[in-house]
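Following: one structure in structure tokens, then a few remarks.
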Amino acid sequence: MKKLLYMSLACLLLSAPGRAQIFYVENFEGGSSSGLSVTSYSGTGGSWTNSVLTTEGDYYNEWYVSCAEQGHVDGVCGDVCGSSSALGSTLHIGSNSGFGGDGGAAYNAGGLCSFGICVNSDRRAESPTINCTGRYGISINFYYIENGDSTNDNASLWVYDGSSWSLLFDMYKTDVCTSGQGQWRHFSYSLPTSCNNNPNVKIGFRWVNDDDGTGTDPSFAVDSVSLSTSGSSTSVTPSFTSSDTVVCQDSCITFISTTTGTVDSTSWSVSGSGVAMTGVHATTMNACFSNAGSYVVKLYAHHGGQTDSVSHSVRVNPAPHPVISASGHVLSTGTGYSSYQWFRNGTAISGATLNSYTYTAGGNFVVVVDSGGCKGSSASGLYNVGVTNVDGNDFSFFLTQNAGIGQLNVNATFVVEQAIKVELFDATGRAIESVNWNVGQSLVQMHTDGLAQGLYIIRLTDGVQSAVLKWMK
């Protein structure tokens with residue numbers, strides 16, 4: 001069914017001038033149910049090969065072509081052989097045939113090399129030669145899933161232009177479904193101009209992993225690989241550059257057309273939502289991304305009643321949103337960020353670069369954190385100390401007296417956010433009374449019946465700071 005679908009699509013596009021023309025499709029339908037090595041697979045145009053690029057362990061992870069990991073369209077969670085909605089077999093990385101074998105896109109992350117079981121891997125699955133004679137402005141499209149461990153356990157896309165292999169793109173990690181299966185995503189990218197009108201092109205998928213025992217499935221799987229071109233004429237070759245390919249949320253990227261040939265007009269499109277674009281019909285376009293995610297940016301070159309196009313992918317990483325929690329004088333936020341900076345009343349606090357900060361003066365506090373190169377700020381929070389600022393020029397605390405009932409009130413101009421101990425002493429230093437001022441209250445009462453007239457001292461202590469008030473009866 002999948003082969004017929006692609007053949008029909010290819011014929012339709014080849015017959016429509018000015019539209020993208022698919023001239024190569026590899027859907028790995030000649031795979032097995034499990035365990036077929038990529039070196040035993042023959043697909044569109046011939047046999048696939050495997051190149052070992054650096055020294056590997058004895059139990060390296062392997063390339064397989066089978067439906068142990070089935071292919072799907074964008075947004076679908078992965079599964080194994082038998083799903084009615086699947087696209088069939090895939091090219092994927094699985095465990096060594098001597099250590100578990102092909103269980104789909106599930107690999108061995110290692111950790112047992114000291115016992116002689118080393119799984120470090122570095123291998124590239126390579127397509128047969130693809131004849132791109134008469135093809136210009138070539139794009140590659142496929143569906144894939146990928147996880148692993150950052151760049152330590154990682155897949156990347158390579159291209160051979162007849163003289164040398166080069167890295168085309170290091171694909172982004174895809175999401176993982178609640179079931180633990182990878183969520184399939186569509187990928188599109190432009191081949192370099194050295195592939196134009198070239199009879200000796202190959203594509204390759206490289207997988208590397210170390211042996212540190214850290215890594216998360218799925219490893220990598222790919223399906224429905226196709227090459228397409230916007231036309232066979234050399235008159236126009238659309239291309240563009242970008243100021244960046246990976247940015248943080250709420251950032252902007254500038255795209256500049258470098259199209260060669262005579263172009264009547266230019267236009268741009270960006271997939272997804274939350275994108276503000278300027279210069280949509282100019283050679284320079286600016287796009288600002290308010291949402292995190294993967295986006296496809298496409299340039300259209302309109303000429304002579306035809307339209308050629310080229311697309312690139314960009315990634316927008318989420319900005320962190322830290323939350324401040326307070327315990328006494330200690331403010332803290334979550335761990336796991338790469339850097340921290342605390343601010344008080346809009347000014348950075350020198351040395352306050354940990355996930356917690358103990359304040360000694362009240363104010364509005366904010367923490368700015370960094371996550372994967374993206375910075376984010378917490379909401380501003382007002383935090384008061386118990387007695388820190390009580391001095392001759394401060395009126396945060398004051399006394400009132402109910403003389404008729406022998407009661408002295410110690411008042412605050414704010415609700416106390418930390419427990420305070422209140423002690424009453426006479427002029428000789430003799431302790432007369434001690435009460436606790438509880439959190440959430442704005443006054444505390446002391447009994448003064450029977451006290452002689454004279455000067456008394458009231459001491460306020462919150463465990464960190466202390467201050468005194470004077471009272472004359």
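Computing FRET efficiency as 1/(1 + (r/R0)^6) for Gln445 and Ser269, where r is the C-beta to C-beta distance and R0 is 60 Å, gives about 0.25. Of the listed values [x] 1.48; [y] 1.29; [z] 1.69, identify the label whose number matches Cα Rg over 2.2 N^0.38 Å calculated from this model. Only one listed value fits the structure, namely [x]. Given R0 = 60 Å, the distance between the Cβ atoms of Ser33 and Asn436 translates into a calculated FRET efficiency of 0.25.
Ordering of 125-131, 254-260 by packing is 125-131, 254-260, highest average first (other Cβ atoms within 10 Å, averaged per residue). Relative to the dominant Cα principal axis of the chain, helix 2-14 is inclined by about 80°. A helix-only calculation puts the chain at -1000 deg cm²/dmol for mean residue ellipticity at 222 nm, using -39500 (n - 2.57) for each DSSP H run of at least four residues, averaged over all residues. Pairs of alpha carbons in the range 325-383 separated by more than 19 Å make up 19% of all such pairs. Here the Kirkwood formula, the inverse mean of 1/r across different C-alpha pairs, assigns the range 235-318 a hydrodynamic radius of 12.9 Å.
In the range 2-230, Rg over Rh equals 0.97, where Rg is the alpha-carbon radius of gyration and Rh the Kirkwood radius from pairwise Cα distances.
With a Cα cut-off of under 24 Å and a minimum spacing of 8 residues unless on different chains, the lysine pairs in the chain number 8.
Read the figures in this text as sums done on the coordinates, not as results from a lab. Here the structure is a predicted model, which means the values were calculated and not measured. Because the Cβ atoms are built from the backbone with ideal geometry, glycine has one as well, and the counts that use them run over all protein chains shown.
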